[in-house]
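No value in this document is a laboratory result; all are computed from the given coordinates. Worth saying up front: this structure is predicted, and the values here are computed from it rather than measured. Every residue, glycine as well, gets a Cβ built from its backbone with ideal geometry; the counts of neighbours run over all protein chains shown.
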Amino acid sequence: MSKIAHQFLPLTYSTFYILISLLEPRHGYGIMQKVEELSKGETKLGAGTIYGALSKLEKQNLIKKEGKEDSERRKSYILTSLGKEVVMLEFARLEQLVRNGKEYIDELNQSR
């Protein structure tokens with residue numbers, strides 16, 4: 001994994017969900033729906049939030065525009081190779097966090 005990808009960590013919940021929603025091309029509203037689905041309804045993004053995030057992620061080269069749908073206004077986005085790398089690193093980071101804390105959480109549950 002590249003050093004460049006590490007500079008984006010840790011990701012916010014919203015950013016992580018946006019990125020994993022873009023394993024296939026989606027437009028803004030489709031991303032909002034997929035994020036809500038992926039997060040089991042815990043993360044709901046408004047239009048202002050999603051379009052600001054997409055602009056930032058595109059400037060960071062984590063996503064890119066993927067052709068055009070229906071009209072000039074409806075653009076689809078997809079992960080770049082750097083974006084995929086960042087998602088994989090963040091997943092590994094979160095997985096390690098859970099592994100590291102598991103025995104302590106188990107102890108807390110036993111002491112209840």
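Listed values, structure above:
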{"item": "Check: the chain dipole with +1 on Lys, Arg Cβ and -1 on Asp, Glu Cβ, in debye", "result": "360"}
{"item": "Additional length obtainable on full extension of the chain from Tyr29 to Val98, 0.36 nm per residue less Cα span", "result": "21.7 nm"}
{"item": "In nm, spacing of pseudo-spin labels at Leu38 and Asp106 (7 Å Cα→C-beta vector)", "result": "3.0"}
{"item": "Neighbourhood net charge (13 Å Cβ-Cβ; Lys/Arg +1, Asp/Glu -1) for Ser2", "result": "+1"}
{"item": "Dipole of the chain, positive direction: furthest Cα of Gly52, Leu11, Leu89, with charges on the beta-carbon", "result": "Gly52"}
{"item": "Expected 222 nm ellipticity per residue - DSSP helices of 4 or more, -39500 (n - 2.57), all of the chain, to 500", "result": "-19000 deg cm²/dmol"}
{"item": "With at most 10 other Cβ atoms within 10 Å, longest stretch of the chain clear of loop GluC sites (Glu not before Pro) (DSSP)", "result": "1-41"}
{"item": "Size descriptor, Kirkwood hydrodynamic radius, that averages inverse alpha-carbon separations across the chain, Å", "result": "15.2"}
{"item": "Within region 16-111, trypsin sites (Lys or Arg not before Pro) in DSSP loop having at most 14 other beta-carbon neighbours inside 10 Å", "result": "Lys40, Lys44, Arg73, Arg74"}
